[in-house]
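First up is the structure itself, then whatever we jot down about it.
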Amino acid sequence: MVVGPRGEFEPQIITMPAGEHMYRLFGNAPGRRANQFNPRMGSRTRFAFFGTPTVPVLYAAATEEAAICATLLHDVPTAGGMITAESCRDKVMARISPTRELRMAKFMGTGLRTLKIDAQDITATTAARYGETVRWAAAAHEAGLDGAVWMSHRCNTDRAYVLFGDRVDVADLVVDSSYARAFALEPDLAWLTDLCVPLHVDVRW
């Protein structure tokens, strides 16, 4: 029996078919690839890190907008604010797709009711509760799943994903060579600026 934060863990499962698009925004460090998992770099996040040895993770989103909201705009208040172009220039966005079907725990919709929780307990918490929310990812991993899916807290019309790097291989994720955004380039920075205007976020060039 797999145990989650509130007892026996029997989640609803969502399957992502091979070829479905996901968008990933990440720092353009030398040698870093769009389908590369984070082994344990940076601070704790909602669903990372856990396990001994540490389980690598990869975050992605169903749309460009959700990827932007979950990363560049993560700490900007909903009432409005600003980000600087300089803080964006080392960021790139890629589109990746699985080469096989992925099975993920459903942390949204009726999947929350199945687990007897609300979004406020897992996917819409503050960072202060990441020590608790990461245990749900650990339970999904123990259940043998490839990752988890939920509705992005900061763009709640779109799905967000976390994939487990010891279940999903780099070779299972193909990078779409026909798509890329690099915010060091003026056209992509202008696209970001236009996206942010109705969100009350000013991109300071």
Next item on the list: List every residue pair whose Cβ atoms sit under 7 Å apart, with the two residues 6 or more apart in sequence or on different chains, where the first one lies in the stretch 14-34 and is under 13 Å from L58 (Cα atoms) and the second, anywhere, is aromatic (F, W, Y) and exposed (fewer than 13 other Cβ atoms within 10 Å of the Cβ).
Entry: none
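Could you please find all residues in the stretch 155-205 being closer than 25 Å to I122 by Cα and either modelled with pLDDT under 95 or not β-branched (V, I, T) (or both)? Break it down into steps so the answer makes sense when it comes.
Kept after step one, since they are closer than 25 Å to I122 by Cα, are these residues of the stretch 155-205: 155-168, 199.
Passing the criteria: C155, N156, D158, R159, A160, Y161, L163, F164, G165, D166, R167, L199.
Out of the stretch 51-66, which residues are of a type in the set (V, I, T) and either out of contact with any strand residue (DSSP E or B) (no Cβ under 6 Å at 6 or more places or on another chain) or part of a loop (DSSP other than H, G, I, E, B) (or both)? Give the steps one after another, and end with the answer.
Filtering the stretch 51-66 for residues of a type in the set (V, I, T) gives 52, 54-55, 57, 63.
Listed by number, the residues that qualify are T52, T54, V55, T63.
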Check: Taking into account only those residues within the stretch 18-31 that are surrounded by fewer than 12 Cβ atoms within 10 Å (Cβ to Cβ) and not aliphatic (A, V, I, L, M), which is modelled with the lowest pLDDT?
Finding: G31
Notebook entry, point to check: In this structure, does A148 turn out to be of a type in the set (A, V, I, L, M, F, W, C) and surrounded by fewer than 16 Cβ atoms within 10 Å (Cβ to Cβ)?
Noted result: no
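Looking only at residues in the stretch 148-162 that are in a strand (DSSP E or B) and in contact with a Ser or Thr (Cβ under 6 Å, 6 or more places away or on another chain), which one is farthest from L58 (Cα to Cα)?
Filtering the stretch 148-162 down to residues in a strand (DSSP E or B) leaves 148-151, 159-162.
Filter once more, keeping what is in contact with a Ser or Thr (Cβ under 6 Å, 6 or more places away or on another chain): 150, 160.
Values: W150: 14, A160: 11 Å.
In this case the residue turns out to be W150.
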Notebook entry, point to check: How about the stretch 160-202: which of its residues are surrounded by fewer than 16 Cβ atoms within 10 Å (Cβ to Cβ) and either among the acidic types (D, E) or in contact with a Gly (Cβ under 6 Å, 6 or more places away or on another chain) (or both)?
Noted result: D166, D169, D176, E186, D194, H200, D202
Notebook entry, point to check: Which one of R129, R181, R204 is farther than 22 Å from M1 by Cα, over 16 Å from the mean Cα position of the chain (by Cα) and without any contact (Cβ under 8 Å) to a residue 12 or more places away in the chain?
Noted result: R129
Check: In the stretch 163-205, how many are over 30 Å from G109 (Cβ atoms), assigned to a loop (DSSP other than H, G, I, E, B) and aromatic (F, W, Y)?
Finding: 2
Check: Which one of these does M108 not meet: (1) modelled with pLDDT of 95 or more; (2) of a type outside the set (F, W, Y); (3) under 25 Å from Y179 (Cβ atoms)?
Finding: (3)
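Only one residue in T54, T63, T78, T15 is closer than 15 Å to L192 by Cβ, of a type in the set (S, T, Y) and surrounded by fewer than 21 Cβ atoms within 10 Å (Cβ to Cβ). Which one?
The unique qualifying residue is T63.
Of all residues in the stretch 78-128, which are among the basic types (K, R) and more than 30 Å from P187 (Cα to Cα)? First the steps, then the outcome.
At the first step, the residues of the stretch 78-128 found to be among the basic types (K, R) are 89, 91, 95, 100, 103, 106, 113, 116.
The answer is R100, R103, K106, R113, K116.
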Margin query: Among (1) basic (K, R); (2) exposed (fewer than 14 other Cβ atoms within 10 Å of the Cβ); (3) more than 18 Å from I14 (Cα to Cα), there is one condition R95 misses while meeting the rest; what is its number?
Written below: (2)
Next item on the list: May I ask you to list the residues in the stretch 32-51 that are within 22 Å of Q120 (Cβ to Cβ), surrounded by fewer than 19 Cβ atoms within 10 Å (Cβ to Cβ) and of a type in the set (D, E, K, R)?
Entry: R44
Note to self: Here are the criteria: (1) farther than 20 Å from F183 by Cα; (2) among the charged types (D, E, K, R); (3) touching a helix residue (DSSP H, G or I) at 6+ places or on another chain (Cβ under 7 Å). Tell me which single one R40 does not satisfy.
What the structure shows: (3)
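The values are calculated or read from the model by the stated rules, or taken from the named source; none is laboratory data. It should be emphasised that the depicted structure is a prediction, and the values quoted were computed from it without experimental measurement. Virtual Cβ from ideal backbone geometry, glycine too; neighbours counted across all protein chains shown.
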